[in-house]
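Everything on this sheet refers to the single structure shown next.
Taken together, the values in this text are just the output of simple stated rules run on the coordinates, not laboratory data. Model, not experiment: these values are computed from the prediction. All Cβ positions, glycine included, derive from the backbone under ideal geometry; neighbour counts span all protein chains shown.
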Amino acid sequence: MSRRYANAHRIAALDPVRDHLEIYQISSGLDFPWDYTRALEFALFRTYCVPSISRLLAATGEFRDRPQKRYDDTALLMAEMAAHGYDSPRGKESLKVVNRAHGRYAISNDDMLYVLSTFIYDPIDWLDRYGWRPLHDNERLAAFHYYSEVGKRMGIRDIPADFAAFKAFKDDYEREHFVFSDTNAEIGQYTVDLFASWFPSFLRPAAKAGVRSLLDDRMLRAFGFDPAPRWLTSVAEASLKAKAAGERLLPPRRVSKLANSPHNRTYPGYPDGISPSDLGPPPTPADFPSEHLRRG
């Protein structure tokens with residue numbers, strides 16, 4: 001059991017400001033890779049409760065036409081930054097793709113700031129409920145410092161200066177902006193359908209109900225979803241806690257799962273032969289205005 005907690009001891013000895021990248025890599029890639037993946041899925045899902053965000057996503061048509069590709073692009077680009085560091089060659093390439101995609105649309109700074117906040121606090125909330133061990137305070141602070149640095153490189157302004165202030169921003173933003181809209185319902189349903197598509201067809205109705213069972217009341221109202229039966233919520237939560245109990249008995253993971261997705265649905269074998277610039281929407285002439293002008 002002492003080997004099982006070796007990473008937690010390592011994290012406790014590190015500095016959450018100076019060593020935030022290393023701590024985040026250990027936590028998300030070695031100790032909690034499955035949980036971080038699920039938590040970040042629900043973090044993005046949560047942002048679709050904001051009508052200004054869901055309206056933009058509906059207008060792009062990506063969720064209607066290519067939901068799996070959009071999901072994989074987002075997950076892999078964020079994983080590349082974490083696996084290699086935001087200032088590494090692959091990290092910078094990933095940031096360039098993300099910034100190019102966002103630069104095509106008029107997205108408010110507050111919406112960008114809110115999405116960034118979900119990447120910090122939703123995984124923390126998930127792990128507090130379903131993690132196989134308690135999070136160390138260094139993991140919480142490292143996530144804040146890691147995403148603050150990512151946010152600065154995305155051009156996001158006015159990032160709160162400390163953990164508590166950013167959490168307060170997130171909570172206030174949700175209280176003010178989580179309201180029902182038709183585009184919330186549209187993007188929410190596309191997302192539920194995507195999650196369900198990962199299961200055999202006969203299990204998909206149950207999978208859709210299972211997704212709803214993990215949404216809080218505020219999200220259900222913003223999407224206009226009916227709540228799942230209470231017994232299903234109890235079963236889902238008990239299953240996740242049982243998984244955590246079993247994980248405590250496993251040997252420590254030695255190879256990080258970050259940006260390592262050989263069974264990826266859109267990019268089989270990832271990352272072999274695939275670079276971050278291969279992800280995301282293809283570039284258009286508008287992404288290279290100076291080059292476009294020279295050619296014209």
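Couple of notes before you dig in:
- Looking across segment 63-120, the residues that are in contact (Cβ under 8 Å) with a residue 40 or more places away in the chain and among the basic types (Lys, Arg) come down to ARG64, LYS69, ARG90, LYS96, ARG100, ARG104.
- Identity of the residue in segment 176-198, loosely packed, with under 15 Cβ neighbours inside 10 Å and part of a helix (DSSP H, G or I), that ends up nearest to the chain's Cα centre (by Cα): SER197
- Residues of segment 209-228 that are within 14 Å of ALA185 (Cβ to Cβ) and surrounded by 16 or more Cβ atoms within 10 Å (Cβ to Cβ): ARG212, LEU215, MET219, LEU220, ARG221, ALA222, PHE223, PHE225.
- With respect to being surrounded by fewer than 20 Cβ atoms within 10 Å (Cβ to Cβ) and out of contact with any Asp or Glu (no Cβ under 8 Å at 6 or more places or on another chain), SER117 falls outside the description.
- Residue check, SER28 surrounded by 15 or more Cβ atoms within 10 Å (Cβ to Cβ), in contact with a Phe, Trp or Tyr (Cβ under 7 Å, 6 or more places away or on another chain), more than 25 Å from ILE274 (Cα to Cα) and in contact (Cβ under 8 Å) with a residue 60 or more places away in the chain: no
- Segment 132-171, subset assigned to a helix (DSSP H, G or I) and acidic (Asp, Glu), residue nearest to PRO33 (Cα to Cα): GLU139
- The residue that is nearest to LEU30 (Cα to Cα), counting only those in segment 199-248 that are of a type in the set (Phe, Trp, Tyr) and part of a loop (DSSP other than H, G, I, E, B), is PHE199.
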